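Below is one structure, written out as structure tokens, with a few remarks after it.
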Amino acid sequence: LNILRTIPAARRYTSRLRRPPRRAGRGTTIALVPTMGALHEGHLSLIRCARREADAVVVSIFVNPLQFGSSREAARYPRSFAEDLRRCRREGVDAVFAPTVRDMCPRPSLTSVHVDRLTAHLCGPHRPGHFDAVARVVLKLFNVCEPDTAYFGAKDFQQARMITQMAGDLNLRVAIRVCPTVRAADGVALSSRLRLLDEGERRRARAFPAALHRAGQLLKSGASADRIGREMQDVLEAQGVRVDYAGLYDPERLQPLRRAVAGEASRAGGRALAAVAGWIGKVRLIDNRLVFRR
Ligand code: AMP
């Protein structure tokens, strides 16, 4: 396992890999799995998918301070670098790229990366500046590592959709793969932030998948999007979740489905994205699931 601590080191490593071998026709293909560390089975599923599809796997571990609401929230984010390295080694990862904040976020940076519309709803209004910060760092990671493919989780549906759009809009040569959400046995989507919950809070987190399940049932029964949103919110609030949003969205455009579901969900091919975000104490969790009319 190569541990790359600086941008020049990562550049040297990936460009050496990329150079085609003298005899064979093609160079090594590189997969990038961007993470903020505190790795769990969700991250490992992305790594395994990358391992199957590319010759070399690079995992980046970088807690981007700019994508948090406050420096306190960033400081609270769980970190477990030594254990992360052990897991990467076990999964046959080729290199971990773990740059410093100073390296990745030099000041002043006068260039911003903003993906319009797709960031207008869901987490966008609740986390001002978050998606611009994510887009900027991910674009920088792509430029430094020059991967052939990059892997993202459907758990962060809006993020994956935004990155896919950015890659298309800017003609990036990287292919974006989106992998399914990995859940705990009780249905809760795995997240590094679950480590910050106590036992009681962790139990209450089951309200998140429960709200999504309820949305699926109601959509099938023909309920309106408004009613579905309200019932999702009730399921969350019954467990003391402070809700940021709960409702149905168009999975492509990420706009809320407001009117009767019959019309709008059928335009979206009978599919809707049920999505929720909220706080249990000081910890913000999100979850989503595609739901179908039939
Ligand atoms: P994070 O470290 O939370 O920024 O996540 C890094 C990547 O792992 C992102 O693409 C996430 O969407 C993905 N990821 C996080 N949790 C899960 C999960 N439970 N299942 C699948 N992918 C996940």
**Prompt:** Once both axes come from the Cα atoms, what is the angle between helix 207-220 and the longest principal axis of the chain, in degrees from 0 to 90, rounded to 10?
**Reply:** 60 degrees
**Request:** Using a 1.4 angstrom probe on heavy atoms only, work out the carbon and sulfur share of the accessible area of the chain in %.
**Result:** 49 percent
**Asked** What value does region 157-277 have for Rg/Rh, both radii from Cα atoms and Rh as Kirkwood defines it?
**Response** 1.01
**Item:** Degrees, to the nearest 10: 7-18 long Cα axis against longest axis of the chain
**Value:** 80 degrees
**Item:** Cleavage-rule hits (trypsin sites (Lys or Arg not before Pro)) in region 1-100: DSSP loop, at most 11 neighbouring Cβ within 10 angstrom
**Value:** Arg22, Arg23, Arg26
**Message:** How tilted is helix 225-237 with respect to the longest principal axis of the chain? Cα atoms for both, answer in degrees (0 to 90, nearest 10).
**Reply:** 80 degrees
**Asked** If you take the square roots of the eigenvalues of the alpha-carbon gyration tensor of region 87-167 and sort them as a ≥ b ≥ c, do you get rounded (a/c under 1.5), prolate (a/b over b/c) or oblate?
**Response** oblate
**Item:** Pair Arg89, Leu290: separation of 7 Å Cα→Cβ label points (nm)
**Value:** 3.9 nm
**Fill in**
Once Arg76 and Ala175 are pulled to full extension, the length gained, defined as 0.36 nm per residue separation minus their Cα-Cα distance, is 32.4 nm
**Item:** Residues of the chain: accessible area per residue with a 1.4 Å probe, Å²
**Value:** 49 Å²
**Asked** What is the log10 of I(q)/I(0) for the chain, computed with the Debye formula using one identical point scatterer on each Cα and no solvent, at q = 0.15, 0.17 Å⁻¹?
**Response** -1.21, -1.46
**Request:** Before rounding to the nearest 500, sum -39500 (n - 2.57) across all DSSP H runs of length at least 4 in the chain and divide by the residue total; then give [θ] at 222 nm in deg cm²/dmol.
**Result:** -11500 deg cm²/dmol
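The values are calculated or read from the model by the stated rules, or taken from the named source; none is laboratory data. Everything quoted here is computed from the prediction, not taken from an experiment. Here Cβ is always computed from backbone atoms with ideal geometry, including for glycine, and neighbour counts include all displayed protein chains. Surface accessibility is based on the protein's heavy atoms, side chains included, excluding ligands, DNA and RNA. Shrake-Rupley method; radii C 1.70, N 1.55, O 1.52, S 1.80 Å.
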